[in-house]
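Each remark here refers to the structure printed beneath this line.
Please treat every number below as a calculation from the coordinates, not as lab data. Bear in mind that the values here come from a model prediction, so they are computed numbers and not experimental data. In this analysis, Cβ positions are derived from the backbone assuming ideal geometry, glycine residues included, and neighbour counts consider all displayed protein chains.
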Amino acid sequence: MLRKILDGLYTASGVLAAAFLAGIGISIITQIVGRSLGYTVDSTELSGLFMAASTFLGLGYTFKDGGHVRVGLIISRLTGGTRKALELWCCVGTALLMAFIAWQAVLFTWQSYEFDDVSPGLLAIPFWIPQSALALGLIILTIALVDAALAVARGEEPSYDKNSDAALE
């Protein structure tokens, strides 16, 4: 049950990341069409916010799917308990670091909300909206790292490792 929920969370974040990528294309096409019709449409700011949202929301999905670049020069040569210990250390250490960064992003987002901080462009978008996507993406990545650490601790193959052979082909 929990596995389905986590996989659904990772998939949903990947779908949201893809939607924001599509949003970049739509905003740029809108700008091109607007300019050709004589209207000023500034999509630069919106595209930048969509890119940030897409990047951070895609982190957890990409990690779970094994799409992040991992340097396995040491780990790939190890076996047994030594490999498991190093893999666990990497997952737990990274999860702790990401948890701290995610917490700071949440605090930063909350401050932007409290101070009614808005972007300086033509659209004047409240900063807490795009920062929420950043914080959510970091939280999902942290969850994925904890998920991987638990899999390693149980002696299972972590999801990020299942696609590592595809990169070598």
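Between R77 and S36, the contour length at 0.36 nm per residue exceeds the Cα-Cα span by 9.0 nm. Contact order, relative form, for region 13-169: 30 percent (alpha carbon pairs under 8 Å, 6 or more residues apart, mean separation divided by residue count). With a Förster radius of 35 Å, plug the Cβ-Cβ distance of H68 and I5 into 1/(1 + (r/R0)^6) and report the FRET value to the nearest 0.05. Rounded to the nearest 0.05, the efficiency is 0.95. Here is the tail figure for the chain: Cα pairs spaced more than 27 Å apart come to 38 percent of all pairs. Against the main long axis of the alpha-carbon atoms of the chain, helix 80-114 sits at an angle near 20°.
Computed extension gain for I129 through A19, at 0.36 nm per residue and net of the alpha carbon distance, reaches 38.0 nm. Place a point 7 Å from Cα of F115 in the direction of its Cβ. Which residues in region 39-57 have their backbone N less than 20 Å from it? 49, by backbone N distance to the label point.
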